[in-house]
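What follows is a single structure, written as C-alpha cells, with notes after it.
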Amino acid sequence: MDAQNSRKLNHLLAELGDTRLVSSRWLRARGYSNSLVARYVASGWLVSPARGVYQRRGGRLQWEGVVRSFQVGEGMPLHVGGRFALALQGHEHYLRLGDAGTVTLYGPERPPGWVSKLSMEQRFEYLGKGPLDLPAVPFTDDMSEPDLSVQGLAWHSAAPGSGALVYSTPERAMLELCDGVLDAAGVYEADALMQAMTTLRPQRVALMLRHCRSIKAKRLFLALADRHRHAWLAHVPLEGVGLGRGKRALVPGGRLHPTYQITLPGDLDEHLA
C-alpha cells in the first residue's frame, strides 16, 4: 500500500473508532472508491455487518454507535424519542415487557435500510415525524444544548467510544408516546410513566404542547398529568394550545376526563398497583 492510501486508511480507522459504522455513500463522498473499500475488506481492515455499511475489524455493534452513525455521520435528522428515550432516562421499569429493547426513532426520513439488517440484541422502530411540527434540523457535533433544547431534544452521552447522540427530553418523549397510544394497554403504560414525571419543566411542556399537532396526544398528556396532580401542571401556560372540540373516545367504555374530555380506562388505579 502506498503512503497516500496508508494515510487514508489510518484516517478512516481513527474516524471509525470502536463502534462507528459508515455507509458506502459516506465513503464515496470522502474519496474512498468502491474498489479501495473492497481492498480494505479483503485485507481485513474493514468488515461489513450488513450490505452497504462498514466498520473496523474488531469493532462492536452497539445501538448507540448505529444511531450516532446516521445522526452525525449521515447527517440525518432522526432522533431517539418516545418510549426508548424515556427508558434511557431511567424509566425502563415502567415499560411493557420487551419494549425497553426497541429503539424508537422519529424524524422526516426513514433510517438507512441497513439498520434493519444488523444482527443486534436491540431492534429499531421508525415511527415517522411524530406529533410535533418543529422543523427538522441536521445534528452536528457543534450543535449547542440551547439549540437542541428549543426542539425538546438533548445530547445523550452514549457508550464509551461512540460519542453522543440526540434524544427527546421527557417533555417531548411523553407527547411522542401519548401520540402512539391506540388501546387501553397503551394508556396503562403512559399512565405509569406519567406518574414518574414529577420534575417536568412547565415552560418546555407548554412549548411542546403548542407545537403538537395531535389533539389525542395533548389531551391524554394533560389528563394523565392532572390525574397524578403534578405540581408543575398548574404552571403550564395553555394559551395557544389547541385542544379541539367535542369528546374523544380513546378507549371504549372508559371514563370521561371532565376537563380534557378524553376517555380513560376506569381501572387505571388497579394497573398502577
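Worth pointing out:
- The accessible surface of the range 1-148, taken with every protein chain in place and a 1.4 Å probe, is 47 percent carbon and sulfur.
- Cα pair distances of the range 1-52 binned at 10 Å [whole percent]: 22, 67, 11
- Across the chain, the mean sequence separation of Cα contacts (distance under 8 Å, 6 or more residues apart), normalised by length, yields a relative contact order of 15 percent.
- Other residues within the sphere of radius under 13 Å centred on the Cβ of residue 108, judged by their own Cβ, net out at 0 (K and R +1, D and E -1).
- Binning the alpha carbon pair distances of the chain at 5 angstrom intervals from zero yields the distribution 1, 6, 12, 16, 16, 14, 10, 8, 6, 5, 3, 2, 1, 0, 0, expressed in whole percent.
- Summarised as an ellipsoid, the range 67-196 has semi-axes of 22, 17, 14 Å, derived from the eigenvalues of the Cα gyration tensor scaled by 5 and square-rooted, with the largest first.
- Packing-based ranking, highest mean first, of 102-113, 34-45, 238-249 given that Cβ atoms within 10 Å are counted: 102-113, 34-45, 238-249
- Ligands, DNA and RNA are left out, and with a 1.4 angstrom probe the accessible area of the chain is 47 Å² per residue.
- For the range 138-143, 3J(HN,Hα) per residue [Karplus equation, 6.51 cos²θ - 1.76 cosθ + 1.60, θ = phi - 60°, Hz, x = Gly/Pro]: x, 8, 10, 4, 8, 5
- The chain, helix-only ellipticity at 222 nm - DSSP H runs n ≥ 4, -39,500 (n - 2.57), divided by all residues, nearest 500: -9500 deg cm²/dmol
The values are calculated or read from the model by the stated rules, or taken from the named source; none is laboratory data. Since the structure is predicted, the reported quantities are computational estimates derived from the model, not experimental observations. Cβ sites come from the backbone with ideal geometry, for glycine too, and all protein chains shown count toward neighbours. Ligands, DNA and RNA are excluded from the accessible area calculation, which covers all protein heavy atoms including side chains. Shrake-Rupley method; radii C 1.70, N 1.55, O 1.52, S 1.80 Å.
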